[in-house]
1. Restricting to region 596-647, count the residues that are of a type in the set (D, E) and in contact with a His (Cβ under 9 Å, 6 or more places away or on another chain).
2. Let me confirm something: among L324, L337, which residue is more than 28 Å from R431 (Cβ to Cβ) and open to solvent by less than 30 Å² (accessible area, probe 1.4 Å)?
3. For region 312-338, enumerate the residues that are out of contact with any strand residue (DSSP E or B) (no Cβ under 6 Å at 6 or more places or on another chain), at pLDDT 95 or above and not in a helix (DSSP H, G or I).
4. Can you pull out every residue in region 287-303 that is in contact (Cβ under 8 Å) with a residue 60 or more places away in the chain and not hydrophobic (A, V, I, L, M, F, W, C)?
5. Please specify each residue of region 143-186 satisfying the condition of being of a type in the set (G, A, S), open to solvent by less than 10 Å² (accessible area, probe 1.4 Å) and in contact with a Gly (Cβ under 9 Å, 6 or more places away or on another chain).
6. When the residues of region 576-587 are narrowed to those that are in contact with a His (Cβ under 9 Å, 6 or more places away or on another chain) and either among the charged types (D, E, K, R) or open to solvent by 20 Å² or more (accessible area, probe 1.4 Å) (or both), which ends up farthest from D341 (Cα to Cα)?
7. Among the listed residues T342, T383, T392, identify the single one that is open to solvent by 60 Å² or more (accessible area, probe 1.4 Å) and β-branched (V, I, T).
Amino acid sequence: MKRRGFLIAGGLLGGGVLLGVSLTTPPSARSRLGDKHSFPTSGEQVALNGWVKIMPDGRVIVASPRAEMGQGVHTALAMLVAEEMDADWASVSTEQAPVAQIYANTALLLNVLPFASDDDSLLARIARRSVQKVGYALSLQVTGGSSSVRDAWAPMRLAGATARAMLVDAAAQAWGVAAETCSVRAGVVSHPPSGRSIGFGELAAATAKIAPRSDVKLKDPSEFRLIGKPTARTDIPAKVNGSAEFGIDVKPVGLLFAAIRQCPVLGGKVLRFDASAAKAARGVADAFVIQDQAVVVVADRYWRAKSALEAQNVEWDEGPNAKLASAQISAQLQAALTGSDTGSGFRSQGDADKALSQASRKLEATYSAPFLAHAAMEPINCTAQFKDGHLTVWCGTQVASLARWRAAKIAGLDSEQVTLHVPLLGGGFGRRLELDMIEQAVLIAMRTKGQPVKLIWSREEDMQHDMYRPAAMASFAAALDEQGQALAWLNRVAAPSIGLSTTERLLPAFAADSPDKNQIEGAFDLPYAIPHLSVRQLRVKTPVPVGSWRSVGHSYNAFFTEGFIDELAHAAGKGPLEYRRVLLAEKPRHRAVLELAAAKAGWGQALPAGRALGIAVHESFGSWCAQVAEVSVQDGQPRVHRFVCAIDCGVVVNPDTVEAQMQSAIVYGLSAALFGEITIKNGRIEQSNFPSYEVIRIAQMPVIEVHIMPSSAPPGGVGEPGTPPIAPAVANALFALTGQRLRRLPLKL
């Protein structure tokens, strides 16, 4: 076992021993079933297990353990239960699950393991099982990593099937017949031999007294009536008519509003602030400094709080980063790539260094990507009330369990003394994995004498105090044979560590500058058949806080790797599609989506004058995605006219959601590819709002076609896999059109 493997295994073993959990047996779906006490009831609701409640009128309520932030997860997860339960879909709704162990996301932590998806080694198997068990033991209730359906696929289907069996047993007992002679369809249990039938609602009370069976079997996919069928999302009507409640809409009685102004220099603090003038303004209840880094004004209206805050003169201690500029960080990344530190090896196959030293023909290139903001539409916000020794928090968060824990720590309470409500999120993209807004809101609420207070960040605060997608730089060297075929591939990626930066904020006691799979994903798991491979990680520490951004490390590494593979194809005198097909001969799922996207895009057919196609394929979060971009150049700038996307995400729960998520990924990724860039001058983020941090507009949107591969494989992720191939597909198309190889994001000619 190599040193890296030993360290990984050792860390997992240590965690397992510490937690007293088995390292080889992940939590089973049955162990996550819960009981009728797991899912709190009110009124006439009857809980059958930790995932299902029934009303006397037949309505079925499904617990959703993940946050709904526009990805359609409330609908998809409810479909899993409704399918196995044979419920009437029109009578099914969702309710946000409480914080509890059965709702822990056991699939999410698999994303941080440094193993390719097809790595079936003993170490990889032990690691996967271990992190599932550890995550369950810690009750990590997190929405992220495109893991919601992957995690819920077994336990939520089992919850529905178990509830169905209980309803059948209750009806059979009432009728004095054998359970196997009964059937269920659309929320009704029937006994065909006698012609009797009864609805779920009428059976609810009796069913609650039935012991759940231990031999419940899930449906064969051939029996699915709901899964795999296009289904209208349940959250859309409320979002259209305005009745949907997002975090910013929460309005408990007696609500106060808080505006915040944080030091504009990264890492700076408040030096002096005279609160008296702010307190004298109309409607202002209080003004003060929190965490030494920010000034807060509380008032009876948000606009009054914001206006009073903006009118004040705050003196800042700018600290050591007052001269920091983007050029310095770029120089740091470049120095890391050319320095003597070899970094951490994440992939070693053959002997790349030797092959390169002996090669008569080599190709080298350097790629780079900038910091990016999340820029979700709903401003950062959190509402909190500290009253009678109890804390209530309303926040659109992606980390429910950590949010409740951190709120309790800030308030000096036990977690049981904190009630967390998770309303709808107006976009997350990883920004709402952070806890800064919760920490601030709780500190403010502890001063408002029992009144609830809603903290709202301005767009400028959000843009200039984000946890950014890391700036990254990658160097490549390839050895080519006489036919131009790649013999060796050496890739070094320099970037801040996402894992370290995030852990320093969320769990500082566990922070360590160790190998970080999040930073190197999409690079070390290169699918192409190249005999000699070496992929190394160089972690560069900067004062800029970084975090997870939609598709995390894949978002820039796919641009790097798919751009350089295109360069190899050109050097070999081969077409980009043909070159990839040959190198993916042993990767059938990569090759299938690649060929589907190319065929649907009309690859090789004549195009209108002044247009060209570019292609890219990438695996991430358990799914395979290929995209073809059709581009032109207008007024000296790239213009994308059409995007063709092929996705293999295993079994599809709701095709409508998959298509929508691919469209969303293209909008988000194309904005970043063409415009996205966070720059720093004098320690300050230069961008402050959408006029200076541009996103793609309706008139600039390309036509999007989404093609879903039929599959019987387990579900993969959907929310993020559509983003990584976008930038390289556009860059490769621009090269085909202009002959200019763009190796830096955003793409500018």
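1. Counting residues in region 596-647 that are of a type in the set (D, E) and in contact with a His (Cβ under 9 Å, 6 or more places away or on another chain) gives 2.
2. None of the other options fit; the residue is L337.
3. Residue satisfying the conditions is K323 alone.
4. Q291, Y302
5. S147, A159
6. Ranking the qualifying residues of region 576-587, first place goes to P576.
7. It is T342.
Residues checked against (1) surrounded by 24 or more Cβ atoms within 10 Å (Cβ to Cβ); (2) on the phi < 0 side of the Ramachandran plot; (3) among the charged types (D, E, K, R):
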| position | (1), (2), (3) |
| --- | --- |
| K517 | no, yes, yes |
| L526 | no, yes, no |
| V544 | no, yes, no |
| F559 | yes, yes, no |
| L568 | yes, yes, no |
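The values are calculated or read from the model by the stated rules, or taken from the named source; none is laboratory data. A quick note: this is a predicted structure, and the numbers were derived from the prediction, not measured. With ideal geometry, Cβ positions are generated from the backbone for all residues, glycine too; neighbour counts draw on all protein chains shown. Side chains are part of the model used for accessible areas, which takes the heavy atoms of the whole protein and leaves out ligands, DNA and RNA. Shrake-Rupley method; radii C 1.70, N 1.55, O 1.52, S 1.80 Å.
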